[in-house]
Amino acid sequence: MELKRLSEIYAITPDPEAGAECDQKYPGYYTHWCRFMVTLPHIPLDCIAIVHGPQGCVGNQKDFLGTYWCQYHGSSFFYAPTTNMDQTDAILGAEDKLRTVIKEVDELYKPRMIFILVTCPAGIIQEPVDDVARDMEDKVQAERIIVIKCEGYTSYAAGLYNIYEGRLLANELLQNPEKKIPRSVNILGISKETHYPSDYLEDSLELERLLNKLGITVNSVLYQTATVDSWTRATEAEFNTMVCPQRAMPLATDMFDRWGIPHGQRFNPLGVTPITNWIMEVAEFFEIEEQAEELVKEEYTRIKEDWEEARRLVDGKIVLIDGGDPMTAVGRGIAWGRMCADLGMRPILFNLPPIEIKAKIHHTIFAIQEGFDPEVVYHDYAYHRRFSPMRVIEELDLNPEDIGLYMGDVYPTAVAKEWQAPVFDPANFPRIVTTSHCNKNRGSTGRRSGFTGAGRTARDIINAVHMAERKSVPTLYGRIGGL
Amino acid sequence: MHPRRIVAIYGKAGIGKSTVSSNISAALSQMGEQVMQVGCDPKRDSIATLCGELKPTFMEKMQEKRKVAEADIDEVIFTGFNGVYGIECGGPKPGRGCAGKGVNWALETLDKHNIFDKYGATVVIFDVLGDVVCGGFSQPIRSGYAKEMYIVVCGEVLTLFQANNILKAVVRLHETGVDVGVAGIINNMRGVEHEQEIVEAFGKLIGVPVIEHIPRSKVVQEAEFDGKTVIEAFPGSEQADVYRRLARKILENKDRYIPRIASLEDIERVIIQVTETELGDATTPHYR
């Protein structure tokens with residue numbers, strides 16, 4: 001275990017397309033990113049996805065997505081009817097079943113469009129799905145039937161999957177614009193949330209709030225949980241902004257290449273400086289910099305007290321950021337790290353497999369381009385293998401007194417009274433739980449975007465530092481949200 | 001009671017596996033054996049001459065009921081000439097599903113319900129599509145249904161190439177520990193010049209004996225027109241004697257061989273050598 005810069009790890013890690021070399025070094029990586037799994041949540045909200053395959057495909061993915069994706073704020077349930085292919089269907093084919101399900105789904109749900117997602121068994125026996133879709137299109141009320149061949153055995157590097165989905169959906173759904181909407185932008189790369197009011201404030205709603213204050217309207221929020229209309233009107237925007245670059249960049253590139261729509265370079269606006277840069281980038285495009293500077297000033301004033309108090313408490317300290325929390329998320333780790341650096345901290349990211357850093361190419365490249373090149377614990381992790389923060393502290397010979405903050409899930413590393421192991425006692429470290437499980441934090445945005453998110457994070461840091469000073473036994477309440 | 005012998009007849013599509021298998025079954029039944037012939041080819045014509053017509057298949061029953069119970073299996077087992085039992089695995093509709101998996105599923109289902117014991121079969125003959133084009137069609141070998149395999153060939157070069165492909169599957173599976181061996185080659189002659197010599201040379205090349213040369217005969221076609229085996233339609237014919245002799249050899253055979261794999265060039269060279277010896281350079285066929 002050693003510390004390397006993000007850029008260095010990116011440079012020395014084999015390409016995710018390297019096949020056997022990657023499989024040996026990072027076993028489990030390819031199986032994690034099943035094409036079907038990453039396609040299912042991106043089907044437009046007013047459409048329905050028929051999964052042509054066994055129920056197990058849907059069950060497993062709904063479980064995974066429900067656990068790790070939906071518990072942010074958004075849709076907590078991905079409904080996907082299936083043809084429920086079984087062994088008999090694998091032998092005889094299930095074309096007739098597919099036709100029946102298409103008819104049923106069309107009558108029951110009256111979806112705008114029907115998507116057919118093809119999983120492994122149907123793909124292996126080469127079910128004539130395209131022929132069925134073509135034939136059934138005239139027989140249903142849905143506008144279109146679109147086939148997406150997303151068999152899991154064709155799994156690919158995680159960094160490429162969004163390119164695949166983004167381009168596929170873009171090809172199918174984007175249209176030539178009939179008009180341009182002045183002063184309008186799209187927010188690209190939003191996932192794991194719904195762009196409508198719920199019990200919690202969404203990232204996209206926070207960004208929309210800020211943009212509206214500048215007189216800019218949000219045309220479309222793409223692409224998870226978008227509607228068909230969100231897609232078809234997307235080309236009418238003047239400018240594309242980005243949140244998650246991994247998802248946004250392929251789409252932004254396509255829209256620039258095909259319709260000349262310019263896009264920004266700022267991403268994941270967590271923290272005061274990143275959200276300021278994000279707003280100013282949009283403002284520069286619309287030539288309203290002065291107005292934007294006023295907005296930034298006004299918004300910062302709102303959170304200034306907490307932000308500066310947090311900075312006072314953690315400035316110069318190390319922040320340990322658990323990147324595998326709860327699943328490897330390069331973008332999330334980088335965004336949290338950049339926010340902590342904004343507070344004067346030295347971010348150290350761990351539990352980030354090098355292959356993931358390489359594969360999530362846009363996250364990595366965008367961070368480096370922006371000049372944020374944090375230290376990352378380098379190790380040939382088996383995919384999803386995790387180290388405890390205590391082991392990181394010991395192996396890197398860090399002084400626990402220098403650790404100002406720990407961002408990650410405390411559950412796997414909390415002190416165990418009976419066995420006294422693992423020994424990491426979260427009561428002694430200020431910590432903020434960043435997992436999707438515990439991120440439903442009233443008063444904050446989903447992933448702490450914007451000034452609202454920054455302000456809430458600052459308040460959490462202040463609370464966490466004070467709580468750690470108590471050196472008390474952590475309670476369930478204390479574990480959640482850093483309170 | 002378990003069958004005394006389980007025999008698998010492999011060969012390229014259209015080579016005459018079903019004709020050979022049915023006549024062997026018929027001949028064995030006359031030798032006192034209780035034979036069950038299992039057609040493992042989506043073409044589903046394996047037991048047609050034993051039963052007088054094309055019969056409903058296992059997979060048609062699957063299509064109808066989705067889950068096949070033991071009673072359903074009884075409905076697709078037919079009694080043919082001289083008490084020979086016949087069953088056709090069948091296959092999905094052309095262009096759909098996976099026939100290889102279907103054949104294997106059918107064999108597993110027969111096994112699961114102890115059908116061979118239930119019907120008192122002493123000899124079981126699997127008539128298997130030999131175009132081992134994917135893992136599915138090699139599954140009967142892998143699953144142990146083809147421990148004693150006979151390969152039907154003729155003197156045509158492409159048939160020998162295809163037989164060689166089957167042998168490759170045998171060798172590869174044997175190396176992985178599967179109990180499989182080739183017991184002999186059956187030359188179902190097509191009238192190719194020097195056919196016996198070519199097939200004998202092929203047998204030597206791969207190290208497996210040719211156990212019978214079945215001459216081409218009109219009576220085979222005439223019997224099939226009547227929906228019968230030669231044994232049934234022309235019991236006194238020379239052709240029937242050939243099938244009886246072959247059946248006897250199979251019944252008495254105790255040897256199995258792991259073949260040597262030949263390259264396509266080896267096979268081509270053997271054929272050229274035979275034809276050159278017989279015809280001279282001027283008429284050497286060019287197979288490329």
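All of the numbers you see were taken from the coordinates with simple rules; none came from a lab. All figures in this text were calculated on a predicted structure; none of them were measured in a lab. All Cβ positions, even for glycine, are placed from backbone atoms using ideal geometry, and neighbour counts span all protein chains on display.
At q = 0.13 Å⁻¹, what log₁₀ I(q)/I(0) does the range B:5-261 have when each alpha carbon counts as one equal point scatterer in the Debye sum?
-0.77
In whole Hz, what ³J(HN,Hα) sequence does the range A:269-282 give by Karplus (6.51, -1.76, 1.60; θ = phi - 60°), x for Gly and Pro?
Those phi angles translate into x, 9, x, 5, 5, x, 6, 5, 4, 5, 5, 5, 4, 5 Hz.
May I ask you to list the lysines whose Cα is less than 19 Å away from that of B:Lys65, ignoring any residue fewer than eight positions away on the same chain?
Within the straight-line cut-off, B:Lys65 pairs with A:Lys97, B:Lys55, B:Lys93, B:Lys101, B:Lys112.
Checking the cross-link filter: which lysines have an alpha carbon closer than 24 Å to that of A:Lys297, excluding same-chain neighbours under 8 positions apart?
Qualifying lysines at Cα under 24 Å: A:Lys213.
Give the Cα extents of the range B:38-91 along the principal axes, in whole Å, largest first.
31, 22, 14
If you split all Cα-Cα distances of the range A:187-304 into 10 Å bins from zero, what percentages do you get per bin, shortest first?
For the range A:187-304, the pair-distance distribution reads 14, 47, 33, 6, 0.
Can you tell me the length gained on complete extension of the stretch A:Thr100 to A:Glu172, counting 0.36 nm per residue apart and subtracting the Cα distance? Don't skip to the answer; put the middle values down first.
On the way: separation 72, 0.36 × 72 = 25.92 nm, distance 2.41 nm.
Result for the pair: 23.5 nm of gain on full extension.
Quantify how strongly other chains surround peptide A:80-90 by giving the mean number of their Cβ atoms within 10 Å of each of its Cβ atoms.
Working: counts 0, 0, 0, 0, 0, 0, 2, 7, 11, 5, 6.
Counting Cβ atoms of other protein chains within 10 Å of each residue's Cβ and averaging gives 3.
Can you work out ³J(HN,Hα) from phi for every residue in the range B:85-98, in order, using Karplus 6.51 cos²θ - 1.76 cosθ + 1.60 and θ = phi - 60°, giving whole Hz and x for Gly and Pro?
Those phi angles translate into 8, x, 9, 10, 5, x, x, x, 4, x, x, 10, x, 9 Hz.
Please determine, in degrees from 0 to 90 and to the nearest 10, the orientation of helix B:264-279 with respect to the longest principal axis defined by the Cα atoms of chain B, where the helix direction is its Cα long axis.
Result, in degrees: 60.
Taking neighbour counts of Cβ atoms within 10 Å as a proxy for exposure, in what order, fewest first, do B:Glu276, A:Glu107, A:Glu356, A:Glu281 appear? Don't skip to the answer; put the middle values down first.
Values: B:Glu276 14, A:Glu107 10, A:Glu356 30, A:Glu281 18.
Lowest count first: A:Glu107, B:Glu276, A:Glu281, A:Glu356.
Give the average, rounded to an integer, of partner chain Cβ atoms located within 10 angstrom of each Cβ in B:60-71. Mind showing how you got there, number by number?
Numbers: counts 1, 0, 4, 5, 0, 1, 5, 3, 1, 0, 0, 0.
Taking the mean over all residues of the peptide, I get 2.
How compact and how long is the range A:34-154, expressed as Rg and Dmax of its alpha-carbon atoms in Å?
13.7, 42
Taking chain B as a Gaussian network, where each spring joins two C-alpha atoms under 10 Å apart, which residue of B:Arg248, B:Arg256, B:Arg96 fluctuates the most?
It is B:Arg96.
Can you give me the relative contact order of the range A:253-369 as a percent, contacts being Cα pairs under 8 Å and 6 or more apart?
For the range A:253-369, the relative contact order is 25 percent.
Taking amide H positions as placed 1.01 Å from N in the peptide plane, with prolines and chain starts having none, which residues 5 or more places from B:Arg44, or on another chain, fall under 5 Å of its amide H?
Those lying under 5 Å, H to H, from B:Arg44 are B:Gly90.
Classify the protein assembly as shown: rounded, prolate or oblate, from the alpha-carbon gyration tensor (a ≥ b ≥ c, eigenvalue square roots; a/c under 1.5 rounded; otherwise prolate if a/b is larger than b/c)?
Numbers: a/c = 2.80, a/b = 2.41, b/c = 1.16.
Taking the square roots of the gyration eigenvalues as a ≥ b ≥ c, the protein assembly as shown is prolate.
Using each residue's phi in the range B:6-23, evaluate 6.51 cos²θ - 1.76 cosθ + 1.60 at θ = phi - 60° and report the 3J(HN,Hα) Karplus result to the nearest Hz, with x for Gly and Pro.
Whole-Hz 3J(HN,Hα) from phi for the range B:6-23: 10, 10, 10, 9, 10, x, 4, 4, x, 7, x, 4, 5, 4, 5, 4, 5, 5.
Summing +1 for each Lys or Arg and -1 for each Asp or Glu, what net charge is found among the other residues whose Cβ lies under 12 Å from the Cβ of A:Pro14?
Values: positive: A:Lys25, A:Lys358; negative: A:Asp15, A:Glu17, A:Glu21, A:Asp23, A:Asp380.
Counting the neighbours of A:Pro14, the net charge comes to -3.
Taking Cα centroids, how far is the range B:2-47 from the range A:364-405 in Å?
Centre-to-centre distance over Cα atoms comes out at 68 Å.
Return the long-range amide H neighbours of A:Gly93 (sequence gap of 5 or more, or a different chain), with a cut-off of under 5 Å between placed amide H atoms.
Residues meeting the criterion, in which the H sits 1.01 Å from N, are B:Gly97, B:Cys98.
Based on other C-beta atoms within 10 Å, arrange B:Phe58, A:Phe387 from fewest to most.
On the way: B:Phe58 29, A:Phe387 17.
Listing B:Phe58, A:Phe387 from fewest to most nearby Cβ atoms yields A:Phe387, B:Phe58.
So which residue, out of B:Asn165, B:Asn104, B:Asn114, gets the largest mean-square fluctuation from a GNM of chain B using Cα contacts under 10 Å as springs?
Per the Cα network of chain B with a 10 Å cutoff, B:Asn114 tops the list.
For the range B:92-233, count the residues as N, evaluate 2.2 N^0.38 Å, and divide the Cα radius of gyration by that value, please.
Details: Rg = 16.9 Å, N = 142, 2.2 N^0.38 = 14.5 Å.
Its radius of gyration relative to the 2.2 N^0.38 Å reference: 1.17.
Take A:Glu294, project a point 7 Å from its Cα along the Cβ direction, then tell me which residues of the range A:201-226 have their backbone nitrogen under 14 Å from it.
It comes to A:213-216, nothing else.
Pick from B:Val38, B:Val128, B:Val68 the residue whose mean-square fluctuation is largest in a GNM of chain B, springs joining Cα atoms under 10 Å.
Result for chain B, Cα springs under 10 Å: B:Val68 fluctuates most.
Which of the GluC sites (Glu not before Pro) found in the range B:33-135 are loop residues per DSSP with 12 or fewer other Cβ atoms within 10 Å of their Cβ?
Numbers: sites: B:Glu33, B:Glu53, B:Glu60, B:Glu64, B:Glu70, B:Glu75, B:Glu88, B:Glu108; in loops: B:Glu33, B:Glu53.
Taking the range B:33-135 and a limit of 12 other Cβ atoms within 10 Å, the loop GluC sites (Glu not before Pro) found are B:Glu53.
Considering amide H positions built from the backbone, and no H for Pro or chain starts, which residues 5 or more places from B:Gly155, or on another chain, come under 5 Å of its amide H?
B:Arg190, B:Val192
With 10 angstrom as the radius, rank A:Tyr26, A:Tyr153 by how many other C-beta atoms surround their C-beta, starting from the fewest. Mind dumping the intermediate values first?
Numbers: A:Tyr26 25, A:Tyr153 13.
Ordered by Cβ neighbours within 10 Å, fewest first: A:Tyr153, A:Tyr26.
Would you mind giving the mean number of other chain beta-carbons within 10 Å of the Cβ of each residue in B:86-96, as a whole number? Working shown, then result.
Working: counts 0, 0, 0, 0, 1, 2, 7, 3, 0, 5, 11.
If you average over the peptide's residues, the count of other-chain Cβ atoms is 3.
What percent does the relative contact order of chain B come to when contacts are Cα pairs within less than 8 Å and at least six residues apart?
The value is 23 percent.
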